[in-house]
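The values are calculated or read from the model by the stated rules, or taken from the named source; none is laboratory data. What you see is a predicted model; the values in this text were computed from it and never measured. Note: ideal-geometry Cβ built from the backbone for every residue, glycine included; neighbour counts use all protein chains shown.
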Amino acid sequence: MDEINSINSMLIECVKASGGSKKVGEILWPEKSINEAQKLLLACLNEDRPEKLSPDQAFLIERLAKNAGCHIAIEYRCKTMSYSIPTPIEPEDERAALMREFISAQQSIAELAEKLNGIGMFKATK
């Protein structure tokens, strides 16, 4: 990995981690041909060119890299702003946490329904 000393160099590493400029260019500009999109992306990543990415496009590239298992974007941002580097949440961990929360909510609803039934708010239906 090259020295990351700017947002631009960080984005270049993110593009590499996300499958390269052809793949990322196609995602950013699906209306263009693959070669046109790649050329535009490379121009946007060249600091000497006037073409630039929008903030949303840069963020999308960072997310693509994160999804590919590359955390260089958040690491760069944290280091340059004097934050500690966070620990990524693995999708399986997030899924398990959401499932626990969902089950807990279902149990709470079942308990409330039972209490309401006990005071005559619900009548059994068949």
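Residues that are outside any helix (DSSP H, G or I) and under 27 Å from residue 24 (Cα atoms) within region 82-115 comprise 85, 86, 87, 88, 89, 90, listed in sequence order.
A search for C-beta distances below 9 Å between a residue of region 114-125 that is of a type in the set (A, V, I, L, M) and any residue that is modelled with pLDDT of 75 or more, counting only pairs 6+ apart in sequence or on different chains, returns 121/113; 121/115; 124/117. Scanning region 1-51 for residues that are more than 18 Å from residue 67 (Cβ to Cβ) and β-branched (Val, Ile, Thr) returns 4, 7, 34.
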